[in-house]
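See below for the structure under consideration.
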Amino acid sequence: MTDQQIIDQLKDHEKRIHELESRVNSRTTLSEVHVKATKDISFAGPKGGILLLINEDFFKTKRTVDVVAAELNKRGYVYKRDVFQTALNRLAVSKGPLVKFEEAGKKVYAERK
């Protein structure tokens, strides 16, 4: 390989790395998407009900699944407690809009800061 070929290959690698970095840096988290696109979110189903509560700042304080289920039942979201638990767990992933932890032996959920 000549020096010029090595230089050309390095330039090509730099270009590809720059493109990859710009793609990674342009990604947004689920909570950012939630803030930017609440008009596009469907509030149907158990996940939709929880997203509605997030939109209304219900999770500014810690909430258990029982409190969440009671609030959503009042609003017409009639599902079993386990269904809400699953939806909460799926929204409490590493880049999701919620965070979960245990307090006094019970899982509690709050809005990710």
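Some observations on this one:
- Filtering the stretch 40-62 to residues that are aliphatic (A, V, I, L, M) and either at pLDDT 85 or above or crowded, with 16+ Cβ neighbours inside 10 Å (or both) leaves I50, L51, L52, L53, I54.
- Listed by first and then second residue, the pairs with beta-carbon distance under 9 Å, at least 6 apart or on different chains, first residue in the stretch 1-23 and surrounded by 10 or more Cβ atoms within 10 Å (Cβ to Cβ), second among the aliphatic types (A, V, I, L, M), are Q9/M1.
Here's the yes/no breakdown for (1) more than 14 Å from the chain's Cα centre (by Cα); (2) without any contact (Cβ under 8 Å) to a residue 12 or more places away in the chain:
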position	(1), (2)
A44	yes, yes
N55	no, no
F59	no, no
R63	yes, no
D82	yes, yes
A92	no, no
F101	yes, yes
E111	no, no
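- Top-ranked residue of the stretch 63-113 - restricted to ones that are aliphatic (A, V, I, L, M) and part of a strand (DSSP E or B), ranked as surrounded by the fewest Cβ atoms within 10 Å (Cβ to Cβ): A110
- Residues that are at positive phi and modelled with pLDDT under 85 are absent from the stretch 81-96 altogether.
The values are calculated or read from the model by the stated rules, or taken from the named source; none is laboratory data. Just so it is clear, the structure is predicted and the values come from calculations on it, not from any experiment. Note that we place each Cβ from the backbone using ideal geometry, even for glycine, and neighbour counts take in every protein chain shown.
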